[in-house]
Amino acid sequence: MRNETARTHTQGLVARLNAEWALLSQDETALLSVPDWYGEGEFTGPQHVLDALRACQDHTGQDRLLLPALRAAVVGGPGSQLAARMVVQAMLPKAIRIARSQMSPQYGWEETISLTIGALYEVIRTYPVDRRVERIAANLALDTLRLTHRLIDAEADAVPLEGGTATRLTAPDTCPASQAELTLLLAQAGEYRLLADDEPGRVNGWDARAELVELLVWALDTGALDVEDARLITRYYRDGPTPDLITPGPSDRVGARQRQRRSRAVRRLAHAASGRFATAK
């Protein structure tokens, strides 16, 4: 889960949700409900749970934190609305990315994010908590994407990305769930400016390039890399090495510094990725 609060919006639905959460998370009823879901003493309140979620770097830890709140939201009774609202707040950054990926000429931003948040609520309140207990955040995101897509009646093979350009993703052999996950990845990579302008249209399923972009997005989400280092890596593996100049000059020295920085970034990425995959085993 992205290690940051929901993207700051100064007006509209997202701003209202963030303002509401700031008050709700300190409400006495909310503080008393959390021990009912997680047991006494583990968390001081709902914001403490969200902070722990955003610090998680593996889906197993996220599942452990999301499942109790989801159960409370699905079962109903006292605290169920608060539990659902907490999961919505936890998923808000992903909901924003989903809404960005589904923008179309028929719907403005506020209409699209409203439909997306409504879809997220529906997915949370009907989530099969006894059957789908692994990779919960990914499941919620994919289900929300599918439902939002149906609600706005968008074309199944056109994915409008940030900037209003409808980019066609051609992956005939990709299952719908994998294609939806790829759509989310491209939207998030676009936010980080990891892709060339024409690159989303050339993606054909989960190839090696998409796997690299997914790893870089994960590294940015967890703070293992900064944005400039991630861009250096993705440009290098997209465009290939720059030929050496016959006569070294200022640009050559800049290139050497970039190569050194990229090499250090690749080592940090490899170290972080080894920990990620070891945890996932």
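The values are calculated or read from the model by the stated rules, or taken from the named source; none is laboratory data. Predicted, not measured: the structure shown is a model, and the values here were computed from it. Glycine gets a Cβ as well: all are built from the backbone with ideal geometry, and neighbour counts include every protein chain shown. Side chains included, ligands, DNA and RNA excluded: accessible areas come from the protein's heavy atoms. Shrake-Rupley method; radii C 1.70, N 1.55, O 1.52, S 1.80 Å.
Things to note:
- Sub-9 Å Cβ pairs linking a first residue in the stretch 18-39 that is without any contact (Cβ under 8 Å) to a residue 40 or more places away in the chain to a second residue that is assigned to a helix (DSSP H, G or I) and among the small types (G, A, S), at least 6 apart or interchain, are V34/A69; Y38/A69, ordered by first then second residue.
One line per residue, one yes/no per condition, for (1) buried (at least 21 other Cβ atoms within 10 Å of the Cβ); (2) assigned to a helix (DSSP H, G or I); (3) touching a residue at least 60 places away in the same chain (Cβ under 8 Å):
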site	(1), (2), (3)
T60	no, yes, yes
A69	yes, yes, no
A90	yes, yes, yes
A99	yes, yes, no
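- Enumeration of residues in the stretch 183-204 that are part of a helix (DSSP H, G or I), modelled with pLDDT of 60 or more and of a type in the set (G, A, S): A187, A189, G190
- Checking every residue in the stretch 37-58 against the condition of being small (G, A, S), open to solvent by 10 Å² or more (accessible area, probe 1.4 Å) and either part of a helix (DSSP H, G or I) or modelled with pLDDT of 90 or more (or both) gives at least one match.
- Checking V123, V87, V34 one by one, the residue that is within 25 Å of R16 (Cβ to Cβ) and either aromatic (F, W, Y) or in contact with a Ser or Thr (Cβ under 6 Å, 6 or more places away or on another chain) (or both) is V123 and no other.
- When residues of the stretch 112-151 are limited to those that are open to solvent by 10 Å² or more (accessible area, probe 1.4 Å) and of a type in the set (G, A, S), the one nearest to S80 (Cα to Cα): G118
- Condition met for L82 (under 16 Å from the mean Cα position of the chain (by Cα), open to solvent by less than 30 Å² (accessible area, probe 1.4 Å) and under 17 Å from P46 (Cβ atoms)): no
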